[in-house]
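The values are calculated or read from the model by the stated rules, or taken from the named source; none is laboratory data. All of these numbers come straight from a predicted model, not from anything done at the bench. Don't worry about glycine lacking a Cβ; one is built from the backbone with ideal geometry, like all the others, and counts go over all protein chains shown. Remember, those area values only see protein heavy atoms, side chains included, never the ligands or the DNA or RNA. Shrake-Rupley method; radii C 1.70, N 1.55, O 1.52, S 1.80 Å.
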Amino acid sequence: MKNKTIRIALSSVLIYLIFKKLYNVLTQLLLWLNVELRIENEYVLFTLNIIIGILSLLILIFLYNQYLKKDIPKNKTIYFLLFTTFILTIVIAAINYIYGFYLANIDLDDFRTTYLFQFGWSKGLDIIFPVFGLIYFFRKLLTEKNTMV
């Protein structure tokens with residue numbers, strides 16, 4: 001019984017981390033594209049950010065349905081989720097490293113204030129979508145607590 005509970009808990013945490021890290025990768029790439037194209041329209045960027053959040057939530061739901069809904073996750077599944085989390089962590093580190101060099105070597109001049117404002121609310125949305133992900137898991141926990149046993 002304990003082994004099953006640990007597998008379910010570990011898989012749940014790993015699925016949530018994949019969702020969170022995927023959202024971070026996509027928003028970092030969007031911010032990079034924003035700097036490259038100098039997008040000043042806030043509505044376009046906000047809409048793209050919402051689309052990325054919804055896409056990440058759909059990935060969360062897919063992973064939940066694929067690995068947790070049917071039965072107790074096997075070791076192979078846990079290793080796959082752990083590997084995916086590890087790869088996404090390395091991707092985030094690589095993007096941040098390259099993006100830092102990129103920002104240091106370009107001239108932002110008039111776009112600097114716009115970029116900082118856009119970066120700020122983009123990171124604000126980074127708080128909102130994980131809350132939706134947690135609400136999804138809590139709802140599933142409450143509605144399916146008797147079906148896992």
Test ILE6 against the stated conditions and say whether it is open to solvent by less than 50 Å² (accessible area, probe 1.4 Å) and among the aliphatic types (A, V, I, L, M).
-> no
From PHE46, PHE119, PHE132, PHE101, grab the single residue that is assigned to a helix (DSSP H, G or I), open to solvent by 90 Å² or more (accessible area, probe 1.4 Å), more than 18 Å from ILE15 (Cβ to Cβ) and in contact (Cβ under 8 Å) with a residue 12 or more places away in the chain.
-> PHE46
Would you be able to tell me the number of residues in region 110-149 that are at pLDDT below 70 and among the charged types (D, E, K, R)?
-> 4
Any hit, region 60-69, residues being buried (at least 16 other Cβ atoms within 10 Å of the Cβ), among the charged types (D, E, K, R) and under 17 Å from TYR136 (Cα atoms) | no
Confirm whether LEU82 is assigned to a helix (DSSP H, G or I), buried (at least 18 other Cβ atoms within 10 Å of the Cβ) and not aromatic (Phe, Trp, Tyr).
-> no
Would a scan of region 10-22 turn up a residue that is surrounded by 14 or more Cβ atoms within 10 Å (Cβ to Cβ) and either assigned to a loop (DSSP other than H, G, I, E, B) or more than 17 Å from the chain's Cα centre (by Cα) (or both)?
-> yes
